[in-house]
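Below you'll find the structure, written out as structure tokens, and then a few comments.
The values are calculated or read from the model by the stated rules, or taken from the named source; none is laboratory data. Just so it is clear, the model here is predicted, and its values are computed rather than measured. Cβ sites come from the backbone with ideal geometry, for glycine too, and all protein chains shown count toward neighbours. The accessibility values were calculated without ligands, DNA or RNA, using every heavy atom of the protein model including side chains. Shrake-Rupley method; radii C 1.70, N 1.55, O 1.52, S 1.80 Å.
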Amino acid sequence: MELSVVAFWVLSAIAVISAIGVVFFKNIVYSVLSLISTLIAISGLFFNLGAELIGALQILIYAVAIVVFYVLVISTVPQYKGEAVDPKYALLSAPFGFILFLELAYVSVYGLWASNTGIFSPDIFKEISNAKAVATLLFTKYLFPFEVASLILLVAMIGAILLGKKDIVEDEKEGGA
Amino acid sequence: MTIVQQLVAGLGVPNFQVLIPEIIVLITALLVFVLELFTKSRILISTVSVVGLAVGALSILTISEGAITLYGLYIVDSFSLAFKFFLIVFTILAIVNLQPYVESKKTYYGEYYYLIIFSLLGMMIMVSSPNLVSFYIGLELMSVSTYILVGLWKKDYKSKEGAFKYLIMGGAGTAIISYAIALIYGKTGSFDFARIFHEVQDKSDIGLTVAVALLIVGLALKASAVPFHFWTPDAYEAAPTPITGFMASVSKIATYAVILRVMVEAFPLNNAIWSYGWAVLAGVSMVVGNFVALKQKNVKRMLAYSSIAHTGYILAALASPNGMGFTALIFYSLVYLFMALGGFIFLSAFEKNGNWTNDIEDFKGLAKKHPIMALYMLIYMFSMLGIPPTVGFMGKFGVFLALISSNVWWLAVVLVVTSIVSAGYYLRVVAYMYMYEPVKEGRFYLNPIEKFTVGFLAVMVLVIGIYPTVFWEISNVLTSVLIMNIGVR
């Protein structure tokens, strides 16, 4: 067996087992730890496929930034609220999970062929790296959405500060002027 | 030359000349943002916003011809220019009425102004996007700014609750739209409407149907069509009233415009899928919106349900996917701006007074105390109900004609019947104003700017109702531009 095939089976086994752990661990901290394990295994799968940029982004964004966010949420939510596995919600999520599975299966079976068009053919990828290809598109054709995204972040930041800060009620001091 | 250099060499400098309105609006927003940090002068902040937006609106008139710029991600045609002009003008009308209202409610923030302008910028990007990426990013800029605006009411639990609901529902809508975009990209390998059209043609399979259905669901959530309307009444009631007016008029029109552009330019030959989807959503919106509005005691909440019903009336035009239907949709959405903003600014003007609670009881005998204002409200109510010679009649009539010309009889019947039902609550406001004696003593204080805005919009509702030719012509031209642009890069 080739080494990449072995790597695929090992990584997917880790990913699936830890994903089951995320759902069924009673202790919420164990859940988050197995979530990190899932995400790292998935990023390993990306590396295995030769998509090193997505693999690195997966670790940077999901395994670091988003998990830190989860930990923050867990530390603010009282322990007892996050303990039990509610069978009602598990039952409710099953059909949605199935639909999502169908959708992903559809995209990966049919989508692959269509999205493999465009200026970046496999030959070009051999010459330049993934990161260069993405950057070329991001800073030419998709420069505009990239810049507007910075505006969205600015607005979101302003909003978070504005809604989160304690109000200094000026108007009442001035008598509603 | 390396391959990357070869790829980049073909790209020129974007044509910034046609982007001048957007640039002016962006500079205004940033200017107000900086100014707000350094000055306490509230008049200065609102003046700068209004002047900046007015310059932006005027600069639209100087752009004579259309172009696609920013490497195919931004289209400047008459369709987007006309919508941008109306969006800016009505944003100005909402902004000038903001300061007296929030000051009387002791909830002034300088941030209102630039958040509104950022939201406006998002809408401007949205209406001129020939590409799913710029459409998505514009929608997101608009939504994120609006979530914050809804929650900006000091120490008011309801406002935070409404904003939270809106955030959750709107976030779900955005997620659904991004699923749809991913499916479309997977199917066609492109984000450009023109490329999508070339790839798809009239082929439709399960993947495309699901993608279009998801796109419809996400956009319907943004346009607050039933059954995705649950955020609307709460968010509309919770927001400061001029902001509600802004959301109910300007944001909605931008959403209708972008719905029209996506559906017509990306999937023109698959109209069997989306016209049926929109027809069902529109029919349900009309029925639910009108029947629930009947029960409302609070006039602000009633107008929120009426805006859901109007989403139904306007989107019903998509059930007839031809030039007639698109013209009716554009015409109705443009004239709906006048009614929706006018109605909410009317409430905001009275709400400034402490003893006004927006309850229907407050309207008792208003005609005795404020005859002119009551007359304006009568015009708005008649117009939303669709009584000639107001413009609401012309809007509904256009949609009705479009529907029967495409033989969508069931929806035309639903439109007429629900319009009759809506008389129950619109006319109740009028009856309370004219047929009861005042219960409370004393007149209400009204600001001259508010009187002007409400009066101007009411007169426009009448004038366009009597002489709709100009607006109908505009809508016709925009429709032909839209149809001409199908498949053009």
Hey, among the residues in segment A:129-145 that are aromatic (Phe, Trp, Tyr) and surrounded by 14 or more Cβ atoms within 10 Å (Cβ to Cβ), which one's farthest from the other protein chains (Cβ to nearest Cβ)? A:Tyr142
Name every residue in segment B:55-83 that is under 22 Å from B:Leu334 (Cβ atoms), surrounded by fewer than 22 Cβ atoms within 10 Å (Cβ to Cβ) and polar (S, T, N, Q), in order of residue number. B:Ser59, B:Thr62, B:Ser64, B:Ser78
Return the only residue of B:Ser64, B:Ser46 being at pLDDT below 95, away from chain A (no Cβ under 14 Å), over 17 Å from the mean Cα position of the chain (by Cα) and assigned to a helix (DSSP H, G or I). B:Ser46
Hey, can you tell me all the residues within segment B:205-251 that are touching a residue at least 60 places away in the same chain (Cβ under 8 Å), under 21 Å from B:Ile330 (Cα atoms) and either among the acidic types (Asp, Glu) or assigned to a helix (DSSP H, G or I) (or both)? B:Ile216, B:Ala220, B:Lys222, B:Gly245, B:Phe246, B:Met247, B:Ala248, B:Ser249, B:Val250, B:Ser251
If I filter segment B:340-360 for residues that are open to solvent by 30 Å² or more (accessible area, probe 1.4 Å) and of a type in the set (A, V, I, L, M), do I get at least one hit? no
Selection status of B:Gly56, closer than 24 Å to B:Phe452 by Cβ and touching a residue at least 12 places away in the same chain (Cβ under 8 Å): yes
I'd like to check something: does segment B:181-191 contain any residue that is buried (at least 17 other Cβ atoms within 10 Å of the Cβ), more than 10 Å from chain A (Cβ to nearest Cβ), at pLDDT 90 or above and in a helix (DSSP H, G or I)? yes
Has segment B:93-100 got any residue that is surrounded by 24 or more Cβ atoms within 10 Å (Cβ to Cβ), closer than 11 Å to B:Leu53 by Cα and touching a residue at least 24 places away in the same chain (Cβ under 8 Å)? yes
What's the total number of residues in segment B:232-271 that are open to solvent by 10 Å² or more (accessible area, probe 1.4 Å) and aromatic (Phe, Trp, Tyr)? 0
Considering A:Gly176, A:Gly111, which residue is at positive phi and modelled with pLDDT under 80? A:Gly176
Hits in segment B:131-154 (condition: among the hydroxyl-bearing types (Ser, Thr, Tyr) and open to solvent by 10 Å² or more (accessible area, probe 1.4 Å)): B:Tyr136, B:Tyr147
Name the residues in segment B:197-206 that are facing chain A (nearest Cβ under 9 Å) and open to solvent by less than 70 Å² (accessible area, probe 1.4 Å), would you? B:Asp205
Looking only at segment B:198-234, which residues are modelled with pLDDT under 90, over 30 Å from B:Tyr157 (Cα atoms) and under 28 Å from the mean Cα position of the chain (by Cα)? B:Leu208, B:Thr209, B:Val210, B:Ala211
Looking at B:Ser275 and the list (1) open to solvent by 10 Å² or more (accessible area, probe 1.4 Å); (2) assigned to a helix (DSSP H, G or I); (3) closer than 27 Å to B:Leu347 by Cβ, which single condition is not satisfied? (3)
Which of the following residues is within 13 Å of chain A (Cβ to nearest Cβ) and either under 20 Å from B:Ile253 (Cβ atoms) or aromatic (Phe, Trp, Tyr) (or both): B:Leu93, B:Leu121, B:Leu73? B:Leu121
List every residue pair whose Cβ atoms lie under 7 Å apart, where the two residues are 6 or more positions apart in sequence or sit on different chains, the first residue falls within segment B:150-175 and is within 12 Å of chain A (Cβ to nearest Cβ), and the second residue, located anywhere, is of a type in the set (Lys, Arg). B:Gly151/B:Lys160; B:Lys154/B:Lys106
Given the structure, is B:Ala194 touching a residue at least 12 places away in the same chain (Cβ under 8 Å), more than 13 Å from every other protein chain (Cβ to nearest Cβ) and surrounded by fewer than 21 Cβ atoms within 10 Å (Cβ to Cβ)? yes
(1) within 8 Å of chain A (Cβ to nearest Cβ); (2) part of a helix (DSSP H, G or I); (3) not hydrophobic (A, V, I, L, M, F, W, C) all hold for B:Pro100 apart from (1)
So A:Asp123, is it at pLDDT below 85 and open to solvent by 60 Å² or more (accessible area, probe 1.4 Å): yes
In segment B:7-48, which residues are of a type in the set (Gly, Ala, Ser) and more than 21 Å from B:Phe90 (Cα to Cα)? B:Ala9, B:Gly10, B:Gly12, B:Ser41
For B:Met126, the lone unmet condition from (1) within 11 Å of chain A (Cβ to nearest Cβ); (2) open to solvent by 10 Å² or more (accessible area, probe 1.4 Å); (3) assigned to a helix (DSSP H, G or I); (4) touching a residue at least 12 places away in the same chain (Cβ under 8 Å) is (2)
